[in-house]
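All remarks here apply to the structure that follows.
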Amino acid sequence: MLTGILLFASLLGMSYAASGPVLESAAAMTVLQTPWFRLLLAGLAALSLWAWHKHRLRQAAEQAHSRLQERLDERHRIARELHDTLLQSVQGLILKVQAVALGLPKEKHGLRAEIESIVSQAISSLEEGRDRVQNLRAPSPHDITLEAALTEAADQFADEYVKEPARIHIVGAARELHCIVREELGAIGREALINSYRHAHRAVEVELRYGRWHVSLSITDVGPGIPRSVLQARGRAGHWGLPGMFERAAKIGARLALCNVSGQGARVTVTLPARLAYQQKPWRSRGPCAKT
């Protein structure tokens, strides 16, 4: 392929347009100058940018899961310390008080009954404390699924407020969620459900969508909707339900949206990237949801 014609005048002092002997030389194009080579370079550059982008996304997901793991480790540490110190100490005090009550003479049965009542209350408080400590430890992957938790909460509130079951739709193939994500989404869904039933007094529609790029949970009612002042302030003065939902969403890197749907009432939607929501493969994760 020719790149051009080179004209060389052989007569000095004359213009190129002058007559005289003229040498014409044709130069062949090299491989590096071909359009195909330039297309190859462009393709390699695009492939490099795509690989770099995928690497950055993978790094972001690993960092997010690492932060979730740190939160889980801290919760486990607090739970262990509470169990090994406070709960064990209270248990020891209860045993000592029970021993004192048993050692009282029979004529002081009134005092013994009072002490036993106090011990019973202390045992109830201790059991409640143990439950709270247990809640600090994240659920294992084999615990209740998000769909089951939402169904259970919806049935509970529906039976209490409207006597009509919620309509729950699962879109996409269900996948295993990170345990912290599952827990926070469950808490957000539970708060949204109870708010919907309290204010709408009608059946509620729940949609849990498992997508390739995003996971979303949407709860819609057919009530009067959310007042504009509440939408702008993201909550009511003195109420912590909506602010708590926003805080939980922020902790897992999700976006929470409140809106009024024309003719349908209010809708709460929480969306987060799939790379943060789904449990990582074993070779990419430290196993933050593993049993401990």
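The values are calculated or read from the model by the stated rules, or taken from the named source; none is laboratory data. Not measured: the values here are computed from a predicted model. Cβ placement follows ideal geometry from the backbone for every residue including glycine, while neighbour counts extend to all protein chains displayed.
Quick look at the numbers
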{"quantity": "Some residue of the stretch 108-126 being more than 17 Å from the chain's Cα centre (by Cα), in contact (Cβ under 8 Å) with a residue 24 or more places away in the chain and assigned by TED's automatic domain parsing to the domain that holds Arg248", "calculated": "no"}
{"quantity": "Elements of type strands (runs of 3 or more DSSP E) in the stretch 209-292, at least 3 residues being of a type in the set (S, T, N, Q) and either assigned by TED's automatic domain parsing to the domain that holds Tyr161 or at pLDDT below 90 (or both)", "calculated": "214-220"}
{"quantity": "Residues of the stretch 150-176 satisfying the condition of being touching an Asp or Glu at 6+ places or on another chain (Cβ under 9 Å) and either under 18 Å from Arg209 (Cα atoms) or crowded, with 16+ Cβ neighbours inside 10 Å (or both)", "calculated": "Ala158, Ala166, Arg167, Ile168, His169, Ile170, Val171, Ala174"}
{"quantity": "Boolean, Val181 is within 28 Å of the chain's Cα centre (by Cα) and either farther than 30 Å from Arg202 by Cβ or in contact (Cβ under 8 Å) with a residue 60 or more places away in the chain (or both)", "calculated": "yes"}
{"quantity": "Residue that is part of a loop (DSSP other than H, G, I, E, B), closer than 22 Å to Gly244 by Cβ and either out of contact with any Pro (no Cβ under 8 Å at 6 or more places or on another chain) or not assigned by TED's automatic domain parsing to the domain that holds His214 (or both), where the choices are Ile144, Ile194", "calculated": "Ile144"}
{"quantity": "Answer from His55, His65, His83 - the residue that is modelled with pLDDT under 85 and either among the aliphatic types (A, V, I, L, M) or exposed (fewer than 12 other Cβ atoms within 10 Å of the Cβ) (or both)", "calculated": "His55"}
{"quantity": "Among the residues listed as Val97, Val22, Val119, Val90, the single one being farther than 30 Å from Arg248 by Cα, at pLDDT below 70 and surrounded by 12 or more Cβ atoms within 10 Å (Cβ to Cβ)", "calculated": "Val22"}
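Quick grid of which residues meet (1) at pLDDT below 70; (2) under 27 Å from Asp73 (Cβ atoms):
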position	(1), (2)
Ile123	no, no
Val133	no, yes
Leu136	yes, yes
Pro139	yes, yes
Ile144	no, yes
Ala148	no, yes
Ala154	no, no
Asp159	no, no
